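Notes follow the structure.
The values are calculated or read from the model by the stated rules, or taken from the named source; none is laboratory data. Just so you know, these numbers come straight off a predicted model, no measurement behind them. Note that we place each Cβ from the backbone using ideal geometry, even for glycine, and neighbour counts take in every protein chain shown.
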Amino acid sequence: MRGLVLALLVALLLAPGAASAQEQRETTTFLRGDWRLDAGLAAASGAAFLVGTFALKPSLAQRAPLDGLGHRPRSEPFEILSDAVVSAGIFGSLAMAKAMERGMGRHGIDQWRAPLVLTESVMLASALVHVAKNAAGICRPRDWDDSRSHCDPDRGERHRSAEDRLDEAHRSFPSGHTAPLAALAGASAGLWLLPTRRNPTFFPLTLVTGTLALAMVALRPLAGAHSWVDTSTGLLLGASSGFLVAYLHSRTIFPPAPRVPISTPPVQISLATTF
């Protein structure tokens with residue numbers, strides 16, 4: 001019994017030391033030394049975005065909105081509101097992230113670490129969305145004709161050509177407005193949660209961007225541009241992309257192993273003389 005009590009006391013005494021050693025293992029890297037990762041993510045995301053936007057064409061098959069609710073009319077006020085929210089959310093988040101880095105005492109290139117992570121997350125999510133839109137070819141609710149089970153381009157977009165309107169009508173899935181805001185939320189959560197010593201500075205940014213992303217999940221169906229499946233998928237795709245980008249910028253740092261002095265036995269020399 002005494003041995004068990006002694007073992008428990010030793011474990012309690014050693015636990016804080018083990019926890020503090022674990023806290024020293026992982027941290028989020030600064031920009032210095034990560035330029036290859038940043039350039040690679042930017043190049044890959046930019047190339048995929050350009051291909052998905054200009055090179056790929058959506059399938060023109062007659063595929064109804066995925067939530068099964070059929071046609072919904074176009075709402076210009078909700079369309080304008082959703083455009084304003086996504087623009088303000090992206091630029092406002094970048095400004096907040098830079099201010100937070102400055103508030104933590106970082107200057108020079110280090111203050112751009114979080115804004116760069118957020119920018120790369122938006123680029124990656126947008127690239128994946130644009131490729132997926134063309135691969136799926138789902139009709140937007142505002143363009144779907146329930147009576148004929150046919151996708152007709154929305155006549156409200158007069159600034160587009162007939163061919164562009166036809167292509168855009170088949171690019172409903174997933175939501176391109178929801179994914180960037182969700183990517184900001186995922187990246188902010190990664191900056192907050194991934195380091196072993198969690199950084200609560202990024203919690204307000206996670207809360208703001210997450211709220212905007214959830215609001216966009218509702219705004220885009222109200223605008224007639226997406227189904228609930230489109231926006232929900234955009235939310236999951238964006239959040240996972242953002243968290244992945246933050247994870248790629250983290251690394252595990254192991255404390256140096258303690259030096260153990262090496263003791264060598266003294267060398268004894270014996271001289272034997274025969275007379």
Check: Are there any pairs with C-beta distances below 8 angstrom linking a residue in segment 86-103 that is closer than 17 Å to ALA125 by Cβ to a residue that is hydroxyl-bearing (Ser, Thr, Tyr), with the two at least 6 apart or on different chains, and if so which?
Finding: GLY89/THR209; SER93/SER188; SER93/THR209; LEU94/THR119; ALA97/SER188
Check: Going by the structure shown, is GLY70 part of a helix (DSSP H, G or I), touching a residue at least 40 places away in the same chain (Cβ under 8 Å) and surrounded by fewer than 17 Cβ atoms within 10 Å (Cβ to Cβ)?
Finding: no
Notebook entry, point to check: Of all residues in segment 39-67, which are surrounded by fewer than 17 Cβ atoms within 10 Å (Cβ to Cβ) and either without any contact (Cβ under 8 Å) to a residue 12 or more places away in the chain or part of a helix (DSSP H, G or I) (or both)?
Noted result: ALA39, GLY40, ALA42, ALA43, ALA44, GLY46, ALA47, LEU50, VAL51, THR53, PHE54, ALA55
Check: Would you pick out the residues in segment 224-241 that are small (Gly, Ala, Ser), over 16 Å from the mean Cα position of the chain (by Cα) and surrounded by fewer than 24 Cβ atoms within 10 Å (Cβ to Cβ)?
Finding: GLY224
Margin query: Considering only segment 153-167, I want to know if a residue exists there that is polar (S, T, N, Q) and within 18 Å of PRO221 (Cα to Cα).
Written below: no
Margin query: So ALA127 passes all but one of these: (1) surrounded by fewer than 20 Cβ atoms within 10 Å (Cβ to Cβ); (2) at pLDDT 90 or above; (3) not in a loop (DSSP other than H, G, I, E, B). Which condition number does it fail?
Written below: (1)
Next item on the list: Identify, from the list ARG171, ARG197, the residue that is touching a helix residue (DSSP H, G or I) at 6+ places or on another chain (Cβ under 6 Å), modelled with pLDDT under 95 and within 28 Å of ALA42 (Cβ to Cβ).
Entry: ARG171
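Residues are listed down the side, and each one gets a yes or a no for (1) under 15 Å from ALA187 (Cβ atoms); (2) hydroxyl-bearing (Ser, Thr, Tyr); (3) at pLDDT 95 or above; (4) assigned to a helix (DSSP H, G or I):
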{"residue": "VAL208", "(1), (2), (3), (4)": "yes, no, yes, yes"}
{"residue": "ALA215", "(1), (2), (3), (4)": "no, no, yes, yes"}
{"residue": "HIS226", "(1), (2), (3), (4)": "no, no, yes, no"}
{"residue": "SER232", "(1), (2), (3), (4)": "no, yes, yes, yes"}
{"residue": "LEU236", "(1), (2), (3), (4)": "yes, no, yes, yes"}
{"residue": "ALA239", "(1), (2), (3), (4)": "yes, no, yes, yes"}
{"residue": "GLY242", "(1), (2), (3), (4)": "yes, no, yes, yes"}
{"residue": "TYR247", "(1), (2), (3), (4)": "yes, yes, no, yes"}
